[in-house]
1. For residues in the stretch B:108-117 being within 22 Å of residue B:62 (Cα to Cα) and surrounded by 14 or more Cβ atoms within 10 Å (Cβ to Cβ), which is farthest from the other protein chains (Cβ to nearest Cβ)?
2. What residue, among those in the stretch B:24-49 that are crowded, with 24+ Cβ neighbours inside 10 Å and not hydrophobic (A, V, I, L, M, F, W, C), is farthest from the other protein chains (Cβ to nearest Cβ)?
3. Would you confirm, using the coordinates I've provided, whether residue A:155 is part of a loop (DSSP other than H, G, I, E, B) and either within 17 Å of residue A:64 (Cβ to Cβ) or more than 14 Å from every other protein chain (Cβ to nearest Cβ) (or both)?
4. Could you tell me whether any residue of the stretch A:118-141 is within 10 Å of another protein chain (Cβ to nearest Cβ) and either acidic (Asp, Glu) or in contact with a Cys (Cβ under 7 Å, 6 or more places away or on another chain) (or both)?
5. Which ones in the stretch B:219-247 are without any contact (Cβ under 8 Å) to a residue 60 or more places away in the chain and not in a helix (DSSP H, G or I)?
6. Is at least one residue of the stretch A:134-147 assigned by TED's automatic domain parsing to the domain that holds residue A:27 and part of a helix (DSSP H, G or I)?
7. Scan the stretch B:181-194 and tell me whether some residue there is over 30 Å from residue B:58 (Cα atoms), loosely packed, with under 15 Cβ neighbours inside 10 Å and either assigned by TED's automatic domain parsing to the domain that holds residue B:222 or among the hydroxyl-bearing types (Ser, Thr, Tyr) (or both).
8. Got a number for residues in the stretch A:122-144 being modelled with pLDDT of 95 or more and touching a strand residue (DSSP E or B) at 6+ places or on another chain (Cβ under 8 Å)?
Protein chains: 2
Amino acid sequence: MKFSFTSLGCASALPTSDRFPSAHVLNVHERLFLIDCGEGCQMLLRKWGFSFLKIQNIFLSHLHGDHIFGIFGLLSTMSMMGRNSKLTIFAPEEFSDVLSSFLKHFGEMFKYEIEHRVLMPGGMHTILEDRKLKVSSFPLNHRIDCYGFRFDEKRPLRNVHKEFIDEYNLSIKEIATLKTGEDVVRENGDILKNEKFAYMPFKARSFAYCSDTAPFPELTKYIVGCNMIYHESTFGSDMTATAHSTMHSTASDAAVAAKKAGVEKLLLGHFSSRYKDPGVLLDEAGEIFKESYIAYEGTPFDILPESDK
Amino acid sequence: MKFSFTSLGCASALPTSDRFPSAHVLNVHERLFLIDCGEGCQMLLRKWGFSFLKIQNIFLSHLHGDHIFGIFGLLSTMSMMGRNSKLTIFAPEEFSDVLSSFLKHFGEMFKYEIEHRVLMPGGMHTILEDRKLKVSSFPLNHRIDCYGFRFDEKRPLRNVHKEFIDEYNLSIKEIATLKTGEDVVRENGDILKNEKFAYMPFKARSFAYCSDTAPFPELTKYIVGCNMIYHESTFGSDMTATAHSTMHSTASDAAVAAKKAGVEKLLLGHFSSRYKDPGVLLDEAGEIFKESYIAYEGTPFDILPESDK
């Protein structure tokens, strides 16, 4: 029951020889959600052992090259590997034209469907939902249309305490009722209270992605209570003016956002190439928000299932 | 007086985690000529220490993604680094539309001129020429319009033997005459024979790039007599049928091409991902043409100046 985030690239606009542009993988129960797709993404997916086949959904925050120039190679490689299952790309409206132009010149041999779902401005929107997960988009505060993404695991079905199954000779139907959270009322009038017979196997988990953005007050409500967030920290607070004039955040901004929203863990990335060692940014964030970490490329950050008995 | 070729990527269509798609640098007297621009090219230029500023000309052989998907990131990065000098891209006709679409969405801030010079079918064409170098394009034999490139160093000016300068009290004008290859006729009727007084400092050097292509007889005349060629060898001869049906070459094909054209050195690249160790391809080529080498990423292959006294 994995819920794990791995950055493939934590560079900002100017990649370096050992730091690639933005691309990240969120593994939710072995389904891989690709978040942004900077140049080199397909090579990095291979490097860190992520199967292309497990990717059905790609989320592109905005149309700056350092977040999308890897999409062309990835889509082409998926085609050459014989993909035939549909791929959904959530991206701003302008991406339609970019995708059309790409497919016109390079998509002749494609045998799989690519659906572009347009991200909508104006608050939080549910963009993907199934039995196990809900994904929402929300606006960020950047130079162009830019979106964050929040992944909320659904509350799992309740587990029935094994010792009661034999003791009370529970039927399959009764077990199913208890799993949904309801009490069981037997023909003889006995009531089997759900809170005695069943329990949540783990708490539902949540993660949010915030890049690129300058600080803005509404962010708090979009990411409130997440177990973990990724927040850009392009600069240190010595460069606050530059950060804000280019609609980016400092490490302090990221830490303040995490603290305000009451999240448990903050991952920092999207570092300017001027910071050869991003440790200085971590130190800065850590003073405001202790549970801050560098999203080093290839390092998985797991949100472990927490018992909810 | 460098004349040196370095491959940045020797993968074919499917890159691997440690083998990037086609991109190569030819250094001629410290001017860098970029040949093809696969995904990741800008990171690899940095990795191997090539200055973006020294690149004024890019040569794109054809419009398959593994040869051009790095151009978008590279052009964007050049812009962000403040480039203002013109960049010339030699590429097939269809590239105009790709470039326009790219600039429409991502080129708003560009402050430098990008000129697309269209490569022409039908034999060999001089596409760039100055005092020191001539570059020609020639057709290859691939599934789509595809071009090879030949770089011919111009004959250098002759050097005057130092010991004669004092002995004959040569004037600056006389030295200049000898450098051009002409004899000097003095007022007293003495003739200073050029072949005694001057010599070629080194032989003019030449390199040709042949990727992607199936074998074809006319190739010989395009690459005849080169000091060094890069020739694709996507497959081994166990896969000859596949190679030729996809309009590619085997290592044997590459070696035969090198031998027929009387070149001195053959560099192999563009390997299928099925060959984890391309040594088997080198062995195959080496049996036909001894001076065969793998164009390992980042390894410079210098054509040293050869004295022509």
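1. So, considering only residues that are within 22 Å of residue B:62 (Cα to Cα) and surrounded by 14 or more Cβ atoms within 10 Å (Cβ to Cβ), the one farthest from the other protein chains (Cβ to nearest Cβ) is B:117.
2. Filtering the stretch B:24-49 for residues that are crowded, with 24+ Cβ neighbours inside 10 Å and not hydrophobic (A, V, I, L, M, F, W, C), the one farthest from the other protein chains (Cβ to nearest Cβ) comes out as B:24.
3. Details: part of a loop (DSSP other than H, G, I, E, B): yes; either within 17 Å of residue A:64 (Cβ to Cβ) or more than 14 Å from every other protein chain (Cβ to nearest Cβ) (or both): yes.
For residue A:155, the condition - part of a loop (DSSP other than H, G, I, E, B) and either within 17 Å of residue A:64 (Cβ to Cβ) or more than 14 Å from every other protein chain (Cβ to nearest Cβ) (or both) - is met.
4. no
5. Scanning the stretch B:219-247 gives B:224, B:225, B:229, B:231, B:233, B:235, B:236.
6. No, there is no match, as no residue in the stretch A:134-147 is assigned by TED's automatic domain parsing to the domain that holds residue A:27 and part of a helix (DSSP H, G or I).
7. no
8. 15
The values are calculated or read from the model by the stated rules, or taken from the named source; none is laboratory data. Model, not experiment: these values are computed from the prediction. Backbone-built Cβ (ideal geometry, glycine too); neighbour counts: all protein chains shown.
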